[in-house]
Structures are given as structure tokens and as C-alpha cells.
Amino acid sequence: MSLTTVTKFVINTTQVNCFKETCLRVLSLCNSRALKEGVSVHSPITKLGLQEDLYLSNNLLSLYAKCFGVEPARHFFDEMPDRDVVSWTGMLSAYVRNGRYDEALEFFYSMSISGQCPNEFTLSSVLRSCSLLGDFDYGTRIHAYVIKLGFESNQYLGSTMIDLYARCGFTDEACKIFTNMDNRDTISWTTIISSLVQAEKFSQALAHYMDMICAGVHPNEFTFVKLLPASYSLGLNYGKLLHAHLIILGMRLNLVLKTALVNMYSKCQKMEDAIKVSNQTPDYDVLLWTSVISGFTQSLRVTDAIAAVHEMELSGTVPNNFTYCSILKASSEILSLELGKQIHSRIIKAGLEDDTCAGGALVDMYMKCYLAEDAFGAFRDITSPSVITWTSLIAGFSQHGFEKDSFQSFAEMRAVGIQPNSFTLSSILRACSTVKSHSQTVKLHGLIVKTKAGCDTVVGNALVDAYAALGMVDDAWHVVTSMIHRDAITYTCLATRMNQMGRYEVALDVIVRMYMDDVEMDGFSMASFLSSSAGLAAMETGRQLHCYSIKAGLASGISVSNALVDFYGKCGCTDDAYRAFKGISEPDIVSWNGLISGLASTGHISSALSTFDDMRLAGFKPDSITFLLVLFACSHGGLVELGLEHFQSMREKHEIAPQLDHYACLVDLLGRAGRLEDAMEVIMTMPLKPDALIYKTLLGACKSHRNIALGEYVARQGIELDPSDPAFYVLLANLYEESGQPDLAKSTRRVMRERGLKKNPGQCWMEIRNKVHLFNAGDRSHPHINEIHEKVESLITDLKNRGNLYQDYEDSSYHSEKLAVAFGLLRTPRNASIRISKNMRICSECHNFIMLVTQFVDREIIVRDGNRLHVFKKGECSCMVAASLQHDEIFHNSVCHS
DNA sequence: TTAGGGTTAG
């Protein structure tokens, strides 16, 4: 057979495989000639004598590209003595087919320089390259060229241009091109529908589908494959409607369409229907199996997902990187390290550990299982980590306390030229919030402004949170106002951070801003605002929020329910707290802790401890917070042995390692009981580095038990750790004073003044006509001072009428802070030295009442100082407040000597 | 020369 005959045969053949076979024959002929004549196998043209036959050369070029790829084809092209538009276009489409869009555009540039004018086929390939590269500028220039060359109404180019504009984010322009097309066929309709789905304009996509039907254009399998994902968002009913329609239209259920349907049902959490569809035909491939596995994973049916993997393997289908991704997600979902490791070994066996997708899922799995080192190991195995992989690493680090590593990874990612996206930015901002890094936050803010990433609400929210965590409230609000769209999370971040800073009244102001912005409260924001109300003991506000939460259907959510328990508990409304707790159908550990906290902090020690027992009987495992509450209760109830027992049981029975707060409670427990040496022993032998607070707690106990020697030592230790805290001087001075050493007391106070230290001015809040007002100590000119007086008077009268004033505080359902305010403002009857309760005392000299115990955390205690009010801020732990107050520091120092 | 399914991150 002559070469020309073979080539002609090749050209007339339409099957690629046949092409390939024949082409090989052509090449073998070339080879034998080449061998004989000593020329390159890739120089067939001249040897074949095809110089004169451009038609044959062009077809052979196309053959080369299809069978042997881009390089041999390019070699062929370069050797062609003559080229026309078909030769150039053939080579260009070879680049595009192989995904080498950059080179395609370069090649087009060479073509332009050569003076060759493109035809509609050339432009189609160029436009496609622009579209897939997202090169909008170049794309629009080609669009202009298309018009100039008179190809505007070309059907093929029309569809490609719709795709270009849509992919570059200009959906409206894409729609305009579509509307202006005169000959809209199934492909152009499908392209516009697909573009709208891609742009998440699902209703518009559906509307176009209906228009398509009305216009008498028949949808095909492609149309449904593109449209079905719209129902992930529009809902199952739309998906079912489309399913019904494609049946009515007699659409053939090919593998691709079947997979699209399986995905639709599985994304709508209808796995049974997904399986029914997938079993309608016997065809299965790895993509369909992966869809099924992923569907089970999304529905949290991990066992079914694993079973599907086995079934897949039994059927002879080999899992690929995507399949491993899905199953790894299942193992992270249930935090099963064992399963995760098994899959890891399978991935290694399959040689996929360097794959971006499978490797990325491994990083995520190890991070979720708290194994940052293994995650990093998996990350290092990945050949070319994508932005998603980097984000998994960064997010994992920032979520598990390795903030430094997350900053470092972020810098490395940028150094290798990968730009962060909104996921990356929100993850790294989380690290900023945790470590409260001003410099990092500001730097990231700059980057966000520059890249316009703040348009993403999640990023905006993360930035708001980072500023709010730093206490930079104005900057946080500035970000809020610059955001395009704000949601409940935006406002919840702010309120939560304000609560953490104890600025409850500012947190409650957020409600108004939220309302003005037309953003509805969700369960989380409601819980935050209830927590603010609890912090202020703003009964009216809290009750109104409670009413609103019922009306808005938020009250049944667990976070709102828990916040209600906490709110009523902190307000001293024990009955309401119980009621709120009983209303929870499935209380969690937070609910129980809330109830115990409410009881313990209002002095209902025995009830708090019996609730702890109830909790365990109900099958709940106490957590570290529970133990903090129990130790607090024991400490304040004087139950030393029981407290020690519980402390012991933490590690032995419950595998909870005591933290600094627990040790502070233990020191408080022993200190109150006068076991000062034991308390000191705890500090010396505990596995954690003592902080200033724990020394403050012990110093308070030293004062109470008048142990000067230990007190002086403890004060020195504490001052060394926190020289800016005046409490050490005040406590030590009072210790001297009470131990009959007034000179030493005086000199201690002098040293304190010389070092520029003084006690913080007091503040308190009171709710008047549903608005919370802040009072500074000594501010008798406050516009509402008369109302405060009235309110306090009525409180006291009420207390007297109830007979609660001089009874054990355990019986009082009144809110401790209000009592403190009341007693602080009005002189109470002289009733010397009555010990009202474990939590309240009366000064033997001035006969004012004083609260000894305030709420457990985030709370303050207000005590009167002459006509002034003092707030004793919480330490990091309330034990400090309790300890310092127990020893009457303020009592003598401020109240009596004002 | 134009269109199709599965995956990991906040």
C-alpha cells in the first residue's frame, strides 16, 4: 500500500481507534523509510512527498495530535513547508484539547504575526482558552474581532461566548448575548442554563428551562445534567419535578445523567431514592460509586459509606483519589482515627499520597483527629498543594491551638505564590482572634481590602471578630459598616466578645443595630444577648428576650435553652432556672453546668451538689467546667473533705487533668479552712506554673487567718508575677492592720502609692425602664439617681416583707447583685454582727451589709463605700473575689475608712 | 469549532 493511499484511508476513517491503528501503520512505514534513508521519524512530510498536498498534510497533522499528543503534532506542524488557516487551527485545537490554554493563546499570537487570518473555527478555540483561563480582557478583544470578521451570528461562537462571559462572572452579559442570538439551539439553551446554575442563580436557570420548553426546543441529557444541581438549593420538589419531566420526555438514563440524579437525591438527604435511581440500570463506574459513597457520608451514614466501598471493590471498580476523599470525610465525621489510618495505608498502596485531593483529605482527617504532626506529614507528601490543601493545614493549626504554625504556613503558602481565598482568610483570622494579634489582624485587614475579599460575609465576620477580640470595638464596627451583607453571625460575634470583656451594656446595644439592619436574631445571637442580660442581671431585658425567643420559635434550641437556665440562675431566680432546665427535652452537659452554676453562685450549695449527683445519675460525664463549679460549691459551703475528694476524682475517675482554675479553687478550699500550709503545698507541687491569681487567693486566706509570715512570702511571689496588680498591697496591708501592725500596713500602702498603683474605680448597672444604666462610683449627680433610690427602697421593703432580709441567704430568691447595690446605696438597719448567711456579712463597725460571694464567672460585686459604690471585678476566677471579700479587705479599707 | 457526572478547606 502506498503512503498516499494509507493517508487517504486514514482521512476517510472516522473512528479514533481505527485512526490510531492506521496512523501507527503510517508511522511504521515512515520509520522503515526513515531508517533506510536516515531521516527522523518526525519528518514524514518531505519524505512522503506531501509538500504539494496541503489537504493531506492538514489531516495528517490532526491525526498526529489525536493519536500522539501535542509535541509530535507540533513537530509535524513546524516541518510543514506550507500552512493555511486549517493547519494553524488544527494545531491550536490540539493545544486546547489537551488543556494547554496558555500555549494555545501564545500559538494564536504567532499565527497573527505570521499574517494568517483566523476563521470561525480558530476563534472558537481561542475563545474557549480565554474562557477556561478566565482571561476576560483577551476574551473581550476576541469578541470584538468576531464582530469585525462578521461571525457574530455564528451559532458555535455564540455558545462559546456565553460560556466566556459567564465563567468570568458576567452572567448578565452572558444572558444578553443569549437573548440577541437569532438561532438558539439545544446547546445554546443548555449553555445559558448551565451558566446560571454556575452563578447560583437557580430560579433564573429554572425559568430559562421553562422558556426553552415554551420555545419548542427539546432539552437533552446535557440540559438535565446541568440543571439538576439547581435543585440542591431550590429543594427536593424541584429535583423531583425535573426527574419526572426527563422521564416523560423519554430521556435515556445514561451513566452521566444517572450520576446527576443520584447526586440530586443524596444532596437532598434522600439516600434511599438515590440508591433506587442508581439501581435502575446496571451501569456503574467510579464516578457513580463515589457519588453514592459521598451521599452516605453527607447523610452521616458512615457504615453504609464503608459498605458501599466494599461493594464497589467487589464489583471490580477501583477507587480513585476522589473516592478516597469521600471516605476520608466519613472517618473524620466520626473522628475514627483507626478507619482514617486504614484508608491512609490504602492510599499509599494506590500511590495516591502525593495527590492534591486525597492528600488534602488526609490532612483534614488528621487535623480533625487532633494529630497535627501526622497532618503535617501528610501535607508534605503532596506534590503540589492547592489553596484548599493549604487551607486545611492552616485551619487545622488554628483550630487546635497551633496558631504560630498557622501563621507560618500562611506565610509559606504566599511565598510559594498561592493566593489565599476567603476560606484561607477566615481560617487565619480565627488564629488572630485566639491569640489577639494586633499586627497580624491589621496586616490581614490590608490584604482583605486590597483583594476585596471582605465582600465575603464569612471573611467580614472573621475580621469583625478579630478586632472585637482585641477590644478594638470601633474598628470592629467600622468593618461591620463596610460590609456589603451582614448576618446574624456578624452581630453575634460582636455581642459575644463584648460579653467576654464584661461590657454587657454595649453587647445589648447590638440588638438595636441588628434591628435597624433588618437582620433577624437566630438562636446563637439570642443566647448571646441573654448572656449579656445575665451579666447585667437585667431582668426586664432578659425576660423580654425570653418572650421574643418563644414568639420567634427560638426557645426550643439548646443554646437558647441553656442561656435561659444561665440567665435565670445568675439572676437568682432559682425556680425559673429550674423551669427552664426542665423544659429542655434533651439537656446536655452545658445545661447541667448552667443549673449547677446558678445554684452554687446564689449560695444554694446543697442543691448545687445534689444536682451534680442527679447529673451523674442521668448518665452524664462531668467535664472540667462541672468540676470547677463543684469545687466552688464545696469551697463556699465549707465542705473541705468533699471538695478534696472531688478534686482527687477528676484525674483518677474521670480522666480530666486539673487546670489552673481548678488548682485555684483547691487553694481557696484549703485556705478558707485555715489549712494554709496545705494550700501552699498545692501551689508548690502542682504541675502547672502558678499565676498571680492563685497567689492572690492564698494571700486572702493568709489575711483571714492572720498568717504574716506566709502572707509576706505569698505577696512577694504574686507581685513578682504581676507588679501592676494593687490587690497584693491592699491584702497585705490589711493583713498587717488586722494583725496589729498598723505601721507596716501604712508603709505597705505608701509603697503601693509610690509605685503608682491604686484601686480601680467602681461601677455598677441598674435597669431603669427597660434600659440598663451604668453608674460610676461616687456619681451622685447621675440623672437617674432618684429612681435608683426608689428602686432600692422597694427592693429592701420587699425583702423585709418576705422576711428574707435576715434569714439564711439560701432561702432568698433575690438577685445577689441587686442586693449588693441596694445595700451599697442605702444604710441598712443597725443589727450588729448578724451573720446573714455564708455569703453575706455585716460589718461590725459601720453595720453595712456586704456580699461575700457573687456570681461564679464574669461577674462583679458591688459594695458601698460611703456614698460611693465599688465594683470588685472578677479575677480570671471568682475565687479571688470570694477570697478577697471573705477577708473583708474592702470592708475595712473602703467602707469603714472612707 | 460549541455543552455533561464524583472530591478535600472557613
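Only the coordinates and a few stated rules stand behind these numbers; no lab work does. Predicted, not measured: the structure shown is a model, and the values here were computed from it. Because the Cβ atoms are built from the backbone with ideal geometry, glycine has one as well, and the counts that use them run over all protein chains shown.
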With a ≥ b ≥ c the root eigenvalues of the C-alpha gyration tensor of the range A:452-576, is it rounded (a/c under 1.5), prolate (a/b larger than b/c) or oblate?
-> prolate
Say R0 is 22 Å: what FRET efficiency, to the nearest 0.05, do A:Glu311 and A:Asn254 get from their beta-carbon distance?
-> 0.55
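Can you pick out the pairs among A:Lys226/A:Lys270; A:Lys201/A:Lys240; A:Lys267/A:Lys450; A:Lys689/A:Lys746; A:Lys201/A:Lys270 whose Cα atoms lie more than 25 Å from each other?
Details: A:Lys226/A:Lys270 20 Å; A:Lys201/A:Lys240 19 Å; A:Lys267/A:Lys450 36 Å; A:Lys689/A:Lys746 32 Å; A:Lys201/A:Lys270 23 Å.
Exceeds cut-off: A:Lys267/A:Lys450; A:Lys689/A:Lys746.
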Please give, to one decimal in nm, the separation of the simple spin-label points placed at A:Asp354 and A:Asp509, each 7 Å out from Cα toward the Cβ.
-> 5.8 nm
How big is the Rg/Rh ratio for the range A:361-470, C-alpha atoms only, Rh by Kirkwood, two decimals?
-> 0.96
Using the Karplus equation 6.51 cos²θ - 1.76 cosθ + 1.60 (θ = phi - 60°), what ³J(HN,Hα) coupling, rounded to whole Hz, does each residue of the range A:727-734 give in order, writing x for Gly and Pro?
-> 4, 4, 5, 5, 5, 5, 4, 5
Take the alpha-carbon centre of the range A:652-683, take the same for the range A:339-387, and report the distance between them in whole Å.
-> 43 Å
For the range A:337-353, what does the Karplus curve 6.51 cos²θ - 1.76 cosθ + 1.60, with θ = phi - 60°, yield as ³J(HN,Hα) per residue in whole Hz, taken in order and with x for Gly and Pro?
-> 5, 4, 4, x, 5, 4, 5, 4, 5, 5, 5, 5, 4, 7, x, 10, 5
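Rounded, prolate or oblate: which fits the range A:125-248 when a ≥ b ≥ c are the square roots of the eigenvalues of the alpha-carbon gyration tensor, with rounded for a/c under 1.5 and prolate only if a/b beats b/c? Mind showing how you got there, number by number?
On the way: a/c = 2.62, a/b = 1.75, b/c = 1.50.
In terms of gyration-tensor shape, prolate.
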Classify the range A:576-624 as rounded, prolate or oblate from the Cα gyration tensor: take a ≥ b ≥ c as the square roots of its eigenvalues, call it rounded if a/c is under 1.5, otherwise prolate when a/b beats b/c and oblate if not.
-> oblate
Quick one: Karplus J couplings for the range A:680-697, per residue in order, coefficients 6.51, -1.76, 1.60, θ = phi - 60°, nearest Hz, x for Gly and Pro?
-> 5, 4, 4, 4, 5, 9, 5, x, 10, 6, x, 10, 4, 4, 5, 5, 4, 4
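At a Förster distance of 41 Å, what's the computed FRET efficiency of A:Leu54 paired with A:Asp185, Cβ-Cβ distance as r, to 0.05?
Working: r = 32 Å, r/R0 = 0.79.
Approximately 0.80, to the nearest 0.05.
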In nm, the gap between the two label points placed 7 Å beyond Cα toward Cβ at A:Glu106 and A:Met684 is 7.5 nm
Once the Cβ-Cβ distance between A:Val85 and A:Thr434 is put in as r, and R0 is 60 Å, what FRET efficiency do you end up with, to the nearest 0.05?
-> 0.45
